[in-house]
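The values are calculated or read from the model by the stated rules, or taken from the named source; none is laboratory data. Small disclaimer: the values here were computed from a predicted structure and weren't measured. Counting neighbours? That spans all protein chains shown, and the Cβs are built from the backbone with ideal geometry, glycine included. In case anyone asks, the SASA skips ligands and DNA or RNA and just uses the protein heavy atoms, side chains included. Shrake-Rupley method; radii C 1.70, N 1.55, O 1.52, S 1.80 Å.
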Amino acid sequence: MTRILGIETSCDETSAAVLTGSGDEVRLESLVILSQDVHRVFGGVVPEIASRQHLVSLLPVVDRALADARTTLEGIDAIAVTHAPGLVGALLVGVATAKGLAIARGLPLVGVHHMEGHLFATSLEHADAVPPFIALLVSGGHTLLLDVPAWGEYVPLGATRDDAAGEAFDKAAKLLGLPYPGGRHIEAHAKDGDPARFRFTRPMLRRDQRPGDDHYYDVSFSGLKTAVLHAVRESQDTIDSIRPHVARGFQDALVETLATKVARAVRACRRPRVVLGGGVACNRALVAGIEAACGPHVTVHAPTPRIATDNAAMIARAGLWRFERGERASLDLACHAGLPIPGLVTDAR
């Protein structure tokens with residue numbers, strides 16, 4: 001059994017966690033997530049502020065995670081830290097701290113890709129969320145559709161051509177006068193919306209598409225954001241009166257697009273389950289839409305909001321898998337704003 005300390009500072013959550021286990025049998029001993037609410041004032045994440053907040057918060061967060069797990073650094077076997085992708089300044093705080101702790105205690109260090117962490121995250125709450133499966137990673141910075149035949153083996157099927165799903169939620173929310181981050185506010189208002197009032201085009205979704213077509217799995221949301229902008233500007237009604245209806249139309253379009261793409265991947269790859277990851281993955285309308293599109297014989301696993309957000313538990317989980325494979329990072333481990341997920345493989349699909 002290995003006990004691993006995870007550290008996550010890729011954006012605006014400062015997080016640390018302690019996880020114990022071997023293989024797919026793991027136990028989360030502690031998880032601390034400190035969100036930086038200051039960014040709401042600016043309607044988005046300010047990189048320099050994020051970095052400075054991590055500097056102030058990270059060591060107390062690590063101390064709290066160790067205390068909650070009733071252990072100390074002497075009881076830790078390895079440290080896993082996010083090193084890509086993300087805001088470089090924010091990543092540097094986490095990586096530098098992890099290196100310092102590793103040197104001080106003579107602990108091995110494991111670098112973890114943030115999006116691979118999201119792939120592992122849902123298995124912390126659903127024991128069956130293990131390969132083989134189709135993965136949909138949907139967050140503020142990423143929208144990625146993968147076939148996952150095994151851990152560490154990721155076949156890219158589709159991705160966003162422009163804006164990520166989470167970013168589209170945030171921009172649509174801003175147009176509707178809703179707070180940042182916008183996903184949960186759009187979802188809440190959409191519950192009261194008339195689905196027929198504003199029906200937006202489903203982007204990159206045509207019935208005549210076939211496997212092998214250029215747009216068969218890919219998505220695009222820039223046009224959907226523009227459609228929301230025009231709907232708000234051209235409406236003769238007040239923003240308060242149309243808000244739930246525009247929110248419903250936007251969410252329906254995004255959900256139907258993603259659900260259809262996921263269902264296509266399930267059929268093509270013949271996978272028995274779908275695993276969702278990322279901040280948008282806990283949207284209940286999205287989960288319901290994917291379940292309906294895939295049918296009753298496919299299980300859809302989605303994380304709770306706590307595990308869907310950026311967190312160190314998922315970094316510890318992915319780090320444990322790589323640690324058990326013998327992977328170790330040297331002290332020149334670098335941070336990257338953008339970096340492909342390790343284990344990407346080409347496939348004829």
If you restrict to DSSP beta bridges whose two residues both lie in the chain, what percentage is antiparallel, to the nearest 5?
60 percent
Using Cα-Cα distances under 8 Å and only pairs 6 or more residues apart, what relative contact order does region 6-57 have, in percent?
32 percent
Rounded Å value of the spacing that divides the Cα centres of region 256-319 and region 42-72:
28 Å
Rh_Kirkwood(the chain) over Cα pairs, Å, one decimal, evaluates to 20.6 Å
Mind grabbing the accessible area of residue 4 for me, 1.4 Å probe, Å², rounded to tens?
0 Å²
Of 204, 314, 1, which has the most accessible area with a 1.4 Å probe, and how do the rest follow in descending order?
1, 204, 314
In Å and whole numbers, how far do the C-alpha atoms of region 77-183 stretch along each principal axis, longest first?
51, 34, 26
When a/c is below 1.5 the answer is rounded, else prolate if a/b is larger than b/c, else oblate, so apply that to region 1-96 with a ≥ b ≥ c taken from the square roots of the Cα gyration tensor eigenvalues.
prolate
Extension length gain for residue 339 and residue 222 (0.36 nm per residue less Cα distance), in nm, is 39.8 nm
On the accessible surface of region 13-147, probed at 1.4 Å with all protein chains in place, carbon and sulfur together account for a percent value of 54 percent
Hull surface over four for the Cα convex hull of region 240-349, reported in nm², is 10.4 nm²
Just give me a number: lysine pairs in the chain, eight or more positions apart or cross-chain, with C-alpha atoms less than 28 Å apart.
9
By accessible area of protein heavy atoms, probe 1.4 Å, what ranking do 120, 200 get, highest first?
200, 120
Here the relative contact order (percent) of the chain, from C-alpha pairs under 8 Å and at least 6 apart, is 25 percent
Can you give me the C-alpha center-to-center distance between region 122-166 and region 176-221, rounded to a whole angstrom?
19 Å
Could you order 208, 194 by accessible surface area, starting with the largest, using a probe radius of 1.4 Å?
208, 194
For region 1-83 the trypsin sites (Lys or Arg not before Pro) that pass both the DSSP coil test and the at-most-10 other-Cβ-within-10 Å test are 70
Ignoring ligands, DNA and RNA, what percent of the 1.4 Å accessible area of region 180-321 is carbon and sulfur?
49 percent
Evaluate Rg over Rh across region 1-160, taking Cα atoms for both radii and Kirkwood's formula for Rh.
0.97
Can you tell me how much longer the chain between residue 103 and residue 24 gets when fully stretched, taken as 0.36 nm per residue apart minus their C-alpha distance, in nm with one decimal?
25.6 nm
If a helix is a whole DSSP H run, which ones in the chain reach 27 Å or further along their own axis (Cα) and hold a mean Kyte-Doolittle hydropathy of at least -1.0?
47-68, 239-269
